[in-house]
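*Asks:* Input: one structure, supplied below.
The values are calculated or read from the model by the stated rules, or taken from the named source; none is laboratory data. The structure displayed is predicted, hence computed values, not measured ones. Please note: Cβ atoms are built from the backbone with ideal geometry, for glycine as well, and neighbour counts cover all protein chains shown. Ligands, DNA and RNA are excluded from the accessible area calculation, which covers all protein heavy atoms including side chains. Shrake-Rupley method; radii C 1.70, N 1.55, O 1.52, S 1.80 Å.
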Amino acid sequence: MAEKLRPPHADLIPDDVAAQLGSTFTQELGEVSLRDIQRFAAAVGDTNLLYFDEEYARTTRWGGIIAPPTMLTATMVWGRGPLLTEMHPDGRSADGPVRTPPGRMVGGGTEVELIAAVRPGDSLTRTILVKDIYQTEGRSGPLVFLVIETTYRNQHGEEVLRSTSTAINRPERAGAEEKGV
Amino acid sequence: MSQIYFESVSKGDSIGPLVKQPTEIQLFRFAGVTWNAHRIHWDKEWAREEGYPNVLVQAQLQGAFLAQVATDWMGPEGVLKRLSWSNRRSAFAGDTLSCHAKVAGTRAEAEPPEVDLELWEENRRGERLVEGAATIALPRRP
């Protein structure tokens, strides 16, 4: 494992990105509807009756329809999302309040802790914590890692889900072409 | 839906595979429900310009496939407590993806008892594209 360099010893992490370490951002996500749950499950191709059949779901430990386990982390944008004029040509947009370094970003993995069921009609809030930022020297060049912990709560203030995701950024460094990055 | 009980689970048990063949239509719909307009998932020309052979299957859709292997197996009285995965290689529209699980361990002393699963998704060439793990609480046999 390559050495992890953290600010101020990480030359590829811009100051405004580094300054977010330990910061939290809270966002209202709005209501999760029965339709949201069923469209998500249909798009996955998951026909589990716990997502589709209220009468059946009532007979189980869950007492009614629940949301699939990866629905919250998969939902990239809540609410209306960006306007067309706010989107990049590649279809992406600034995703949430966390600033990322320039260069390409890829997902490095997701960990989900499922604490309580999410049900149709729940209104969710999430708190995003910038847990770690570091850079390493990979085989194909330098990489910057952003570790984000997100806690989702329902309208009763109960934690329903906690996720930790790692975003990997391949920074644009001067002279990168010469190194074949 | 049938229910599995903790007593009938042993370390090393194989689960699945759940075979998924994500089409361009599926990727488009998943992009829609997650409100993710990233062009590499729906514009083949754009994906090719970025160096990919076809549109890419969303990392989170593959996570949902692995979750489904676990939830199909555990039944309605099972509780998925933890799920994690890492996307190691890309999957593309038209790929045949086999989602597997294996019982990595059991904890009879927990209440309710727990099972750890190793999860993975592989393509037809046998390449592991996604690797993950799940922890599930199962009911004891009544």
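*Asks:* Residues that are surrounded by fewer than 17 Cβ atoms within 10 Å (Cβ to Cβ) and within 21 Å of B:SER14 (Cβ to Cβ): does region B:89-101 have at least one?
*Replies:* yes
*Asks:* Follow-up question, since we're still on this one. Under the condition of being over 22 Å from A:ASP46 (Cβ atoms) and touching an Asp or Glu at 6+ places or on another chain (Cβ under 6 Å), which residue from region B:102-132 is most open to solvent (accessible area, probe 1.4 Å)?
*Replies:* Residue satisfying both the conditions and the ranking: B:ARG107.
*Asks:* Give region B:62-96 a look and list any residue that's touching an Asp or Glu at 6+ places or on another chain (Cβ under 7 Å) and more than 11 Å from chain A (Cβ to nearest Cβ), or say none.
*Replies:* Listed by number, the residues that qualify are B:ARG89, B:ALA93.
*Asks:* Among what's in region A:107-120 and is open to solvent by 20 Å² or more (accessible area, probe 1.4 Å) and touching a helix residue (DSSP H, G or I) at 6+ places or on another chain (Cβ under 8 Å), pick the residue that is nearest to the other protein chains (Cβ to nearest Cβ). Spell out how you get there, then give the answer.
*Replies:* First, the residues of region A:107-120 that are open to solvent by 20 Å² or more (accessible area, probe 1.4 Å): A:107-108, A:111, A:113-117, A:119-120.
From what is left, the residues that are touching a helix residue (DSSP H, G or I) at 6+ places or on another chain (Cβ under 8 Å) are A:107, A:120.
On the way: A:GLY107: 4, A:PRO120: 15 Å.
This residue is A:GLY107.
*Asks:* Give all pairs with beta carbons closer than 7 Å in which a residue from region B:82-101 that is among the aromatic types (Phe, Trp, Tyr) meets a residue that is part of a strand (DSSP E or B); count only pairs at least 6 apart in sequence or on separate chains.
*Replies:* Partner pairs satisfying both residue conditions: B:TRP85/A:GLY109; B:TRP85/A:THR110; B:TRP85/B:LEU119; B:TRP85/B:VAL130; B:TRP85/B:GLU131; B:TRP85/B:GLY132; B:PHE92/B:LEU56.
*Asks:* Given (1) loosely packed, with under 15 Cβ neighbours inside 10 Å; (2) in a strand (DSSP E or B), identify the lone condition not met by A:HIS156.
*Replies:* It is condition (2) that A:HIS156 fails.
*Asks:* Considering only region B:44-61, state which residues are more than 8 Å from chain A (Cβ to nearest Cβ) and surrounded by fewer than 24 Cβ atoms within 10 Å (Cβ to Cβ). Lay out the reasoning, then the answer.
*Replies:* Residues of region B:44-61 that are more than 8 Å from chain A (Cβ to nearest Cβ), as a first pass: B:44-45, B:47-57.
Once the filter is applied, which keeps residues that are more than 8 Å from chain A (Cβ to nearest Cβ) and surrounded by fewer than 24 Cβ atoms within 10 Å (Cβ to Cβ), region B:44-61 yields B:LYS44, B:GLU45, B:ALA47, B:ARG48, B:GLU49, B:GLU50, B:GLY51, B:TYR52, B:PRO53, B:ASN54, B:LEU56.
*Asks:* While we're on this one: Taking region A:8-22 as the search range and keeping residues that are within 17 Å of A:PRO171 (Cα to Cα) and of a type in the set (Gly, Ala, Ser), which one is farthest from the chain's Cα centre (by Cα)? Step through it out loud before you land on a result.
*Replies:* If we filter region A:8-22 for residues that are within 17 Å of A:PRO171 (Cα to Cα), which is where we start, we get A:8-18.
Those still in the list that are of a type in the set (Gly, Ala, Ser) too: A:10, A:18.
Numbers: A:ALA10: 24, A:ALA18: 19 Å.
Restricting to residues being within 17 Å of A:PRO171 (Cα to Cα) and of a type in the set (Gly, Ala, Ser), the top hit is A:ALA10.
*Asks:* So if I check each of A:LEU5, A:LEU84, which one is open to solvent by 50 Å² or more (accessible area, probe 1.4 Å), within 12 Å of chain B (Cβ to nearest Cβ), at pLDDT below 95 and over 20 Å from the mean Cα position of the chain (by Cα)?
*Replies:* A:LEU84
*Asks:* Just name the residue that is surrounded by the most Cβ atoms within 10 Å (Cβ to Cβ) out of those in region A:33-76 that are within 7 Å of chain B (Cβ to nearest Cβ) and among the basic types (Lys, Arg).
*Replies:* Per the criteria, the residue is A:ARG39.
*Asks:* Tell me which of these B:PRO142 doesn't satisfy, since it passes every other one: (1) at pLDDT 95 or above; (2) not in a strand (DSSP E or B).
*Replies:* It fails just one condition, (1).
*Asks:* Tell me, which helices (runs of 4 or more DSSP H) wholly within region A:1-96 include 2 or more residues that are over 23 Å from B:HIS41 (Cβ atoms) and touching a helix residue (DSSP H, G or I) at 6+ places or on another chain (Cβ under 6 Å)?
*Replies:* Details: elements: A:15-18, A:34-44, A:49-52, A:54-58, A:71-74.
Result: A:49-52, A:54-58.
*Asks:* Which condition number does A:THR136 fail, the rest of (1) farther than 26 Å from B:VAL57 by Cβ; (2) modelled with pLDDT of 85 or more; (3) open to solvent by 30 Å² or more (accessible area, probe 1.4 Å) being met?
*Replies:* With (1) farther than 26 Å from B:VAL57 by Cβ; (2) modelled with pLDDT of 85 or more; (3) open to solvent by 30 Å² or more (accessible area, probe 1.4 Å) applied to A:THR136, the lone miss is (3).
*Asks:* Find all pairs meeting these conditions: Cβ atoms under 6 angstrom apart; at least six residues apart or on different chains; first residue within region A:29-47 and in contact (Cβ under 8 Å) with a residue 12 or more places away in the chain; second residue open to solvent by less than 60 Å² (accessible area, probe 1.4 Å) and among the acidic types (Asp, Glu).
*Replies:* Hits for this filter: A:VAL32/A:ASP122.
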